[in-house]
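Written out below as structure tokens is the structure these notes cover.
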Amino acid sequence: MSVTSTAPSGSPGNPRWDRAFFGHPVGLSTLFFTEMWERFSYYGMRALLILFMTATAAKGGLGFPASKAGAVYGLYTSLVYLLGLPGGWVADRITGQRKAVLYGGIIIAAGHLLMAFPSLETFYAGLVLIVLGTGLLKPNISTMVGELYSATDKRRDSGFSIFYMGINLGAFVSPLVCGYLGENINWHYGFGAAGIGMTLGLIQYVAGAKYLGTAGTKSNGTPRDVALFQRTAAGLAAIVAIVAALMFSGILDANRLSDLFGIFLVATVAIFFGWLLTNKHFTSEERGRLGAIFVFFFAAALFWSVFEQAGSTLNLFAERNTNLHAWDFPLWGLFRASYFQSFNSVFLIIFAPVFALVWMKLGKREPTSTSKFSIGLIFVGLGFAILIPVSSGVLVSPWWLTLTYLLHTIGELCLSPVGLSAMTKLAPVRVAGLMMGVWFMATSVGNFIGGRIASVYESFPLPTLFAVVAGFAMLIGMLMFFLSGRMKRMMGGVN
């Protein structure tokens, strides 16, 4: 029997489809566009989120002070990444990755479409659904990309690079589309557009499922896992209902809820790393590498706490402290604050190949992982440092924020891919999957801190706020540089 007739239509073994998408399995196109539309929905809504919350009721917003809006924003973005951990478990044990992505996309679309209706209840309900849906979709679609290739297929890395371009394409387009609709016509039109984008992604995901072969169809659960999931889901629903009742009754507000979540995050990180670093089943070399992972975790969380203020602090700065009229143009009209959210993706698309080439050209002179973390932290700090002298009240040129986003992108290119690679190389084999979850947790912690920083936007002079953010990031960056020798010993030969 021929290979063509036995292999699933989207599998690596089918000659017809194996190189149909830029030399890659055609199933990659299905996942590429699914992720593109999911990121379109996420970044489109995120570009509007804090602007909508802080806009007055007369302008169609919620009229939240920055303190409350920052707390909601940080809680939301933190949970989006944190729920990737249980989302991966659900796929592994209950549904398989393919169904997890489908169910996640449906929940995300429902959340965005709920936010298209103008009420506080639909706003909060929409955020909850988006958090739950993203937790299911985000970690599992990446796993499916890997399953399109055999273990020895040399196209795997370039396949992930193409997939990553889908992320940036969605993140580039969405703030322009959703931002235009939201800021020029009606906030809820922007949220609705995000929901339509996710719906389009779902349609093509279902239509292109035949090209995925067996990718994402397996689950390793037992009846006990299913029962555990059912009990956990019921408990989570009960908690959400209780929190909603307390919030709408006025007993619990967004700031207090954010404080409680912050305590939970700190306790989770402390317990998790305490268990890892004191576990006697690890060798001394493994404990040294786990110690290095902890240092990288702390540095990454700090980096993301600064970088992810793009959608909060820097979004408010764009709206309130930037002369947007300087970039008005005839067909599009007034340049809007949300449009800046596209800049990071543009810079990533331009400079990612440049950085990859530079690291290869340096060869043995390539900086260590620790040094790259140091560079990343210094550049993300510089992004805020350059705003200090121009943030005293006068509307500034949009070029200042453009430079900030450029510096932040350089920092991201130094730290983000390096951190992900370091986790895979340093983690003991028996906890490798768990360590990948640590990277999501660092992003979650960083997003939470970033939201809380945004909550004091109206409480401190901006030069002081920006100086503290920039100074702390750059100080830790320099400390990482001085620790590079010790970190190299802890990493046990891993660069």
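Only one of the listed values, (i) 23.2; (ii) 24.9; (iii) 33.0, was derived from the coordinates as mean projected area of the Cα convex hull in nm²; which label is it?
(ii)
With the dipole of the chain worked out from charges on the C-beta (+1 for Lys and Arg, -1 for Asp and Glu) around the Cα centre, which of 148, 45, 455 lies farthest toward the positive end?
148
For region 242-312, which trypsin sites (Lys or Arg not before Pro) pass both filters: DSSP loop (anything but H, G, I, E, B) and at most 15 other C-beta atoms within 10 Å?
280
Over region 253-495, what is the mean sequence separation of C-alpha contacts under 8 Å (at least six apart), divided by residue count, expressed as relative contact order in percent? Before the final figure, lay out each step's value.
On the way: 282 pairs, mean separation 81.7, N = 243.
With pairs under 8 Å counted, the relative contact order is 34 percent.
About the Cα centre of the chain, how large is the charge dipole given +1 on each Lys and Arg Cβ and -1 on each Asp and Glu Cβ? Please answer in debye to the nearest 20. If you can, show how the numbers build up before the last one.
Details: 33 positive and 20 negative charges, 265 e Å.
Its charge dipole is roughly 1280 debye.
How long is region 345-461 along each principal axis, judged by its Cα atoms, biggest number first, in Å?
53, 33, 22
Among the trypsin sites (Lys or Arg not before Pro) in region 179-244, which ones are in a DSSP loop with at most 12 other Cβ atoms within 10 Å of the Cβ? Mind listing them?
Answer in residue order: 218.
Using the Cα centre of region 253-495 as origin and beta-carbon charges of +1 (Lys, Arg) and -1 (Asp, Glu), tell me which of 387, 311, 375 is placed farthest towards the positive end of the dipole.
Of the listed residues, the answer is 375.
For region 451-463, what does the Karplus curve 6.51 cos²θ - 1.76 cosθ + 1.60, with θ = phi - 60°, yield as ³J(HN,Hα) per residue in whole Hz, taken in order and with x for Gly and Pro?
x, 5, 5, 4, 5, 9, 4, 8, 9, 10, x, 4, x
Nothing charged except the Cβ atoms of Lys and Arg (+1) and of Asp and Glu (-1): what's the magnitude of the dipole of region 274-371 about its Cα centre? Round to the nearest 20 debye.
Values: 8 positive and 6 negative charges, 67 e Å.
It comes to approximately 320 debye.
Need one number: the % of Cα-Cα pairs in region 1-221 sitting beyond the 23 Å mark.
Percentage above 23 Å: 48.
Could you list 138, 59 in order of exposure, starting from the residue whose Cβ has the fewest other Cβ atoms within 10 Å? If you can, show how the numbers build up before the last one.
Numbers: 138 24, 59 12.
Going from least to most buried by this count: 59, 138.
Stretch residue 402-residue 460 to full length: gain in nm at 0.36 nm per residue minus the Cα-Cα span? Each step should come with its number before you reach the end.
Working: separation 58, 0.36 × 58 = 20.88 nm, distance 2.35 nm.
That pair, residue 402 and residue 460, stretches by 18.5 nm at full extension.
State the extension gain, in nm to one decimal, for the chain segment bounded by residue 324 and residue 150, taking 0.36 nm per residue of separation less the distance between their alpha-carbons.
Details: separation 174, 0.36 × 174 = 62.64 nm, distance 4.99 nm.
Full extension of this stretch gives 57.6 nm more.
Give the longest segment of the chain that steers clear of chymotrypsin sites (Phe, Trp or Tyr not before Pro) in DSSP loops with at most 15 neighbouring Cβ atoms within 10 Å, not counting the sites themselves. Mind dumping the intermediate values first?
Numbers: sites that count: 22, 332.
Between the exposed loop sites, the longest stretch runs 23-331.
Of the listed pairs 364/488; 218/280; 154/488; 138/218, which have alpha-carbon separations greater than 23 Å here? Numbers along the way, then the final one.
Values: 364/488 15 Å; 218/280 33 Å; 154/488 29 Å; 138/218 17 Å.
Cα-Cα > 23 Å for 218/280; 154/488; rest within.
Bear in mind that the values in this text are calculations on the coordinates, not laboratory data. Everything quoted here is computed from the prediction, not taken from an experiment. Heads up, the Cβs are rebuilt from the backbone with ideal geometry, glycines too, and the neighbour counts pull from every protein chain shown.
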